[in-house]
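To keep things clear, I will list the structure first and then write my remarks on it.
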Amino acid sequence: MKHTYSVQGMTCNGCRSSVEQKLNAIDGVTNATVDLASETAEVVMKRHIDTASLQAALPEKFTISEIKQKAVSSETSNIFETKAQEKELSKLQQLKPLFLIFGFIILLVTAKNYSSWNMDTMMLDFMGVFFLIFSLFKFFDLNGFSQSFKMYDPLAKTFPAYGKIYPFIEVILGVLFLARIEIPIILVVTIIILLITTIGVTRSLLSKKTIQCACLGTVLKLPMTQATFIENAIMIAMAIGLIIKNNLL
(Lines give C-alpha, C1' and ligand atoms only; values in the text may rest on other atoms or scores of the structure.)
Protein backbone atom coordinates (compact mmCIF):
# COMPACT_ATOMS: atom_id res chain seq x y z
CA MET A 1 0.00 0.00 0.00
CA LYS A 2 1.17 3.50 -0.87
CA HIS A 3 0.44 6.64 1.15
CA THR A 4 1.29 10.27 0.46
CA TYR A 5 2.33 12.56 3.31
CA SER A 6 3.07 16.23 3.77
CA VAL A 7 6.45 16.85 5.40
CA GLN A 8 7.10 20.27 6.94
CA GLY A 9 10.45 21.59 8.19
CA MET A 10 12.72 20.62 5.29
CA THR A 11 15.00 23.44 4.13
CA CYS A 12 17.67 21.70 2.02
CA ASN A 13 18.62 18.45 0.31
CA GLY A 14 20.31 17.38 3.52
CA CYS A 15 16.93 17.57 5.28
CA ARG A 16 15.28 15.68 2.45
CA SER A 17 17.90 12.93 2.59
CA SER A 18 17.59 12.71 6.37
CA VAL A 19 13.80 12.32 6.26
CA GLU A 20 14.04 9.77 3.44
CA GLN A 21 16.63 7.76 5.35
CA LYS A 22 14.60 7.75 8.59
CA LEU A 23 11.42 6.67 6.83
CA ASN A 24 13.17 3.90 4.90
CA ALA A 25 14.61 2.59 8.16
CA ILE A 26 11.15 1.96 9.66
CA ASP A 27 10.20 -1.70 9.90
CA GLY A 28 7.46 -2.41 7.39
CA VAL A 29 8.38 0.39 4.97
CA THR A 30 9.27 -1.00 1.55
CA ASN A 31 10.25 2.31 -0.02
CA ALA A 32 10.03 5.97 0.90
CA THR A 33 10.67 8.79 -1.56
CA VAL A 34 10.78 12.41 -0.39
CA ASP A 35 10.42 15.45 -2.64
CA LEU A 36 11.82 18.72 -1.29
CA ALA A 37 10.05 21.03 -3.76
CA SER A 38 6.53 19.77 -3.01
CA GLU A 39 7.34 18.94 0.64
CA THR A 40 5.78 15.51 0.23
CA ALA A 41 6.75 11.91 0.90
CA GLU A 42 5.43 8.81 -0.82
CA VAL A 43 5.69 5.78 1.45
CA VAL A 44 5.11 2.22 0.30
CA MET A 45 4.50 -0.13 3.23
CA LYS A 46 3.89 -3.85 3.73
CA ARG A 47 1.35 -3.18 6.50
CA HIS A 48 -0.43 -0.15 7.83
CA ILE A 49 1.83 2.15 9.84
CA ASP A 50 0.10 5.00 11.62
CA THR A 51 1.26 8.57 11.20
CA ALA A 52 2.32 8.77 14.85
CA SER A 53 4.87 6.00 14.29
CA LEU A 54 6.25 7.80 11.25
CA GLN A 55 6.48 11.04 13.21
CA ALA A 56 8.28 9.30 16.07
CA ALA A 57 10.98 8.12 13.65
CA LEU A 58 11.73 11.67 12.49
CA PRO A 59 13.70 14.42 14.30
CA GLU A 60 11.51 16.97 16.08
CA LYS A 61 12.11 19.69 13.46
CA PHE A 62 10.07 17.73 10.90
CA THR A 63 6.29 17.34 10.94
CA ILE A 64 4.59 14.63 8.90
CA SER A 65 0.88 14.34 8.14
CA GLU A 66 -1.04 12.16 5.71
CA ILE A 67 -2.61 13.70 2.62
CA LYS A 68 -6.04 12.21 2.20
CA GLN A 69 -6.79 11.12 -1.34
CA LYS A 70 -10.30 11.68 -2.70
CA ALA A 71 -12.01 8.67 -4.15
CA VAL A 72 -11.97 8.74 -7.94
CA SER A 73 -13.58 6.62 -10.60
CA SER A 74 -11.65 3.88 -12.35
CA GLU A 75 -11.56 5.95 -15.55
CA THR A 76 -10.23 9.03 -13.75
CA SER A 77 -7.71 6.89 -11.93
CA ASN A 78 -6.42 5.54 -15.22
CA ILE A 79 -6.03 9.09 -16.54
CA PHE A 80 -3.98 10.05 -13.49
CA GLU A 81 -1.85 6.94 -13.83
CA THR A 82 -1.19 7.67 -17.51
CA LYS A 83 -0.14 11.23 -16.72
CA ALA A 84 2.11 10.00 -13.95
CA GLN A 85 3.74 7.53 -16.30
CA GLU A 86 4.26 10.24 -18.91
CA LYS A 87 5.81 12.49 -16.29
CA GLU A 88 8.07 9.74 -15.01
CA LEU A 89 11.38 9.87 -16.83
CA SER A 90 12.84 6.67 -18.15
CA LYS A 91 16.06 5.40 -16.63
CA LEU A 92 18.01 6.37 -19.72
CA GLN A 93 16.66 9.92 -19.60
CA GLN A 94 17.44 10.20 -15.90
CA LEU A 95 20.96 8.96 -16.50
CA LYS A 96 21.58 11.36 -19.39
CA PRO A 97 23.82 13.69 -17.27
CA LEU A 98 25.99 10.71 -16.28
CA PHE A 99 26.39 9.57 -19.88
CA LEU A 100 27.19 13.11 -21.03
CA ILE A 101 29.86 13.56 -18.37
CA PHE A 102 31.44 10.19 -19.22
CA GLY A 103 31.39 11.13 -22.90
CA PHE A 104 33.08 14.47 -22.31
CA ILE A 105 35.73 12.87 -20.07
CA ILE A 106 36.51 10.39 -22.85
CA LEU A 107 36.70 13.22 -25.44
CA LEU A 108 39.00 15.26 -23.20
CA VAL A 109 41.33 12.34 -22.50
CA THR A 110 41.37 11.29 -26.16
CA ALA A 111 42.22 14.82 -27.32
CA LYS A 112 44.99 15.16 -24.73
CA ASN A 113 46.60 11.85 -25.74
CA TYR A 114 45.86 11.93 -29.48
CA SER A 115 49.49 12.23 -30.58
CA SER A 116 50.94 9.57 -28.26
CA TRP A 117 47.96 7.19 -27.87
CA ASN A 118 49.37 5.42 -24.82
CA MET A 119 46.63 3.41 -23.10
CA ASP A 120 48.28 3.49 -19.67
CA THR A 121 48.56 7.27 -19.83
CA MET A 122 44.99 7.59 -21.07
CA MET A 123 43.64 5.47 -18.20
CA LEU A 124 45.54 7.53 -15.62
CA ASP A 125 44.22 10.74 -17.17
CA PHE A 126 40.70 9.31 -17.30
CA MET A 127 40.78 8.40 -13.62
CA GLY A 128 42.20 11.78 -12.67
CA VAL A 129 39.59 13.77 -14.60
CA PHE A 130 36.84 11.41 -13.41
CA PHE A 131 37.61 12.03 -9.73
CA LEU A 132 37.92 15.80 -10.14
CA ILE A 133 34.67 16.24 -12.07
CA PHE A 134 32.64 13.92 -9.87
CA SER A 135 33.97 15.58 -6.70
CA LEU A 136 33.03 19.02 -8.06
CA PHE A 137 29.32 18.14 -8.14
CA LYS A 138 29.50 16.80 -4.58
CA PHE A 139 30.85 20.14 -3.28
CA PHE A 140 27.74 22.00 -4.49
CA ASP A 141 25.83 20.41 -1.58
CA LEU A 142 28.32 18.68 0.68
CA ASN A 143 25.85 18.03 3.50
CA GLY A 144 23.19 16.72 1.13
CA PHE A 145 25.75 14.42 -0.51
CA SER A 146 26.90 12.97 2.81
CA GLN A 147 23.29 12.25 3.80
CA SER A 148 22.55 10.50 0.49
CA PHE A 149 25.91 8.69 0.43
CA LYS A 150 25.44 7.06 3.81
CA MET A 151 22.15 5.55 2.65
CA TYR A 152 24.11 2.93 0.71
CA ASP A 153 27.87 3.22 1.35
CA PRO A 154 28.76 0.80 4.22
CA LEU A 155 31.64 2.90 5.56
CA ALA A 156 29.65 6.14 5.47
CA LYS A 157 26.81 4.39 7.34
CA THR A 158 29.20 3.35 10.12
CA PHE A 159 31.25 6.56 10.17
CA PRO A 160 29.09 9.50 8.94
CA ALA A 161 32.17 11.78 8.85
CA TYR A 162 33.49 9.68 5.97
CA GLY A 163 30.72 11.08 3.77
CA LYS A 164 31.95 14.61 4.50
CA ILE A 165 35.60 13.87 3.62
CA TYR A 166 34.92 11.59 0.64
CA PRO A 167 34.79 14.46 -1.92
CA PHE A 168 38.15 15.71 -0.61
CA ILE A 169 39.59 12.21 -1.09
CA GLU A 170 38.37 12.29 -4.69
CA VAL A 171 40.02 15.69 -5.27
CA ILE A 172 43.34 14.45 -3.89
CA LEU A 173 43.18 11.27 -5.98
CA GLY A 174 42.32 13.27 -9.11
CA VAL A 175 45.25 15.65 -8.66
CA LEU A 176 47.70 12.83 -7.89
CA PHE A 177 46.59 10.84 -10.95
CA LEU A 178 47.05 13.81 -13.27
CA ALA A 179 50.37 14.79 -11.66
CA ARG A 180 51.57 11.13 -11.72
CA ILE A 181 52.45 11.17 -8.02
CA GLU A 182 52.56 7.92 -5.98
CA ILE A 183 50.63 6.02 -8.64
CA PRO A 184 50.88 2.55 -6.99
CA ILE A 185 49.49 3.89 -3.71
CA ILE A 186 46.59 5.84 -5.20
CA LEU A 187 45.64 2.89 -7.42
CA VAL A 188 45.27 0.73 -4.31
CA VAL A 189 43.29 3.48 -2.53
CA THR A 190 41.03 3.79 -5.57
CA ILE A 191 40.32 0.06 -5.55
CA ILE A 192 39.55 0.04 -1.82
CA ILE A 193 37.16 3.01 -1.69
CA LEU A 194 35.33 2.00 -4.86
CA LEU A 195 35.00 -1.62 -3.72
CA ILE A 196 33.38 -0.44 -0.49
CA THR A 197 30.94 1.76 -2.40
CA THR A 198 30.24 -1.00 -4.93
CA ILE A 199 29.24 -3.35 -2.12
CA GLY A 200 26.68 -0.78 -0.96
CA VAL A 201 25.45 -0.19 -4.52
CA THR A 202 25.02 -3.94 -5.07
CA ARG A 203 23.01 -4.30 -1.86
CA SER A 204 20.76 -1.40 -2.86
CA LEU A 205 20.16 -2.85 -6.32
CA LEU A 206 19.35 -6.29 -4.88
CA SER A 207 16.93 -4.79 -2.34
CA LYS A 208 15.19 -3.02 -5.25
CA LYS A 209 14.70 0.10 -3.16
CA THR A 210 14.44 3.33 -5.13
CA ILE A 211 17.14 5.62 -3.75
CA GLN A 212 19.18 8.46 -5.14
CA CYS A 213 22.70 7.81 -6.40
CA ALA A 214 25.13 10.28 -4.83
CA CYS A 215 27.91 9.86 -7.40
CA LEU A 216 27.14 13.35 -8.79
CA GLY A 217 26.01 14.79 -5.48
CA THR A 218 22.44 15.99 -5.03
CA VAL A 219 22.46 18.71 -7.70
CA LEU A 220 21.70 16.15 -10.41
CA LYS A 221 19.14 13.64 -9.17
CA LEU A 222 20.29 10.30 -10.51
CA PRO A 223 18.55 7.03 -9.63
CA MET A 224 20.55 4.11 -8.29
CA THR A 225 20.81 1.79 -11.30
CA GLN A 226 23.12 -0.80 -12.83
CA ALA A 227 24.94 2.15 -14.48
CA THR A 228 26.30 3.14 -11.06
CA PHE A 229 27.66 -0.37 -10.59
CA ILE A 230 29.22 -0.37 -14.08
CA GLU A 231 30.78 3.06 -13.48
CA ASN A 232 32.57 1.79 -10.35
CA ALA A 233 33.47 -1.52 -12.00
CA ILE A 234 35.20 0.27 -14.90
CA MET A 235 37.35 2.32 -12.53
CA ILE A 236 38.25 -0.73 -10.43
CA ALA A 237 39.13 -2.72 -13.57
CA MET A 238 41.38 0.10 -14.81
CA ALA A 239 43.19 0.30 -11.48
CA ILE A 240 43.71 -3.46 -11.24
CA GLY A 241 44.79 -3.63 -14.88
CA LEU A 242 47.42 -0.90 -14.42
CA ILE A 243 48.79 -2.58 -11.31
CA ILE A 244 49.11 -5.98 -12.98
CA LYS A 245 50.45 -4.69 -16.32
CA ASN A 246 53.14 -2.51 -14.79
CA ASN A 247 53.99 -4.75 -11.79
CA LEU A 248 53.38 -1.83 -9.45
CA LEU A 249 53.07 -3.95 -6.31
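Checking a compactness column here: for the range 137-190, what do you get for Rg(Cα) / (2.2 N^0.38 Å), N being the number of residues? List each step's numbers first, then the result.
Details: Rg = 12.4 Å, N = 54, 2.2 N^0.38 = 10.0 Å.
After normalising by residue count via 2.2 N^0.38 Å, the value is 1.24.
Return a whole-number percent for the relative contact order of the chain, with Cα pairs under 8 Å and 6 or more residues apart as the contact set.
Dividing the mean separation by the residue count of the chain yields 19 percent.
Just so you know, the averaged projected area of the alpha carbon convex hull for the chain sits at 15.2 nm².
Between F140 and K61, 0.36 nm times their residue separation minus their Cα-Cα distance comes to what? All intermediate terms of the calculation are to be shown ahead of the outcome.
On the way: separation 79, 0.36 × 79 = 28.44 nm, distance 2.39 nm.
Answer, rounded to one decimal: 26.0 nm.
Considering only Cα-Cα distances, which of the following residue pairs are longer than 21 Å: K68/K150; K112/K138; K157/K209; K112/K221; K22/K208; K96/K164? Pairs exceeding the cut-off: K68/K150; K112/K138; K112/K221; K96/K164. Applying 1/(1 + (r/R0)^6) with R0 = 41 Å to the Cβ-Cβ distance of E182 and F229, what FRET efficiency is obtained, to the nearest 0.05? Working from the Cβ atoms, E equals 0.90. Modelled label positions at K96 and A237, each set 7 Å beyond Cα in the direction of Cβ, lie 2.7 nm from each other. Of the peptides 44-55, 212-223, the order by per-residue mean of other Cβ atoms within 10 Å, starting with the highest, comes out as 212-223, 44-55. In the chain, the longest principal axis of the Cα atoms and the axis of helix 74-87 are about 20 degrees apart. Each of I185, T202, I172 was placed along the dipole of the range 150-214 (beta-carbon charges, centred on the mean Cα), and the one lying farthest toward the positive end is T202. The share of accessible area on the range 189-233 that comes from carbon and sulfur is 71 percent, using a 1.4 angstrom probe.
Express the accessible area of the chain per residue in Å², computed with a 1.4 Å probe while the remaining protein chains stay in the model. Working shown, then result.
Working: 13440 Å² over 249 residues.
Here the residues of the chain average 54 Å² of exposed surface.
Close amide-amide hydrogen proximity is noted between T30 and V44, M45, K46, each under 5 Å apart and 5 or more residues distant or on a separate chain (H modeled in the peptide plane; Pro and chain starts excluded). Two numbers describe the Cα atoms of the range 110-249: Rg and Dmax, which are 15.2, 46 Å.
Each label point was placed 7 Å from the Cα along the Cα-to-Cβ direction; for K112 and T51 their separation is 5.5 nm. With R₀ set to 45 Å, the beta-carbon distance separating D120 from T158 gives a calculated FRET efficiency near 0.80.
Taking the Cα centre of the chain as reference, the dipole from Cβ charges on Lys and Arg (+1) and Asp and Glu (-1) amounts to some 180 debye.
The spacing between the range 188-230 and the range 137-187, judged by their C-alpha centroids, is 13 Å. In the chain, the longest principal axis of the Cα atoms and the axis of helix 119-139 are about 30 degrees apart.
The values are calculated or read from the model by the stated rules, or taken from the named source; none is laboratory data. Since we're looking at a predicted model, the values are computed, not measured. For neighbour counting, all protein chains shown are included, and Cβ atoms are generated from backbone atoms with ideal geometry for every residue, glycine included. Heavy atoms of the whole protein, side chains included, go into the accessibility calculation; ligands, DNA and RNA do not. Shrake-Rupley method; radii C 1.70, N 1.55, O 1.52, S 1.80 Å.
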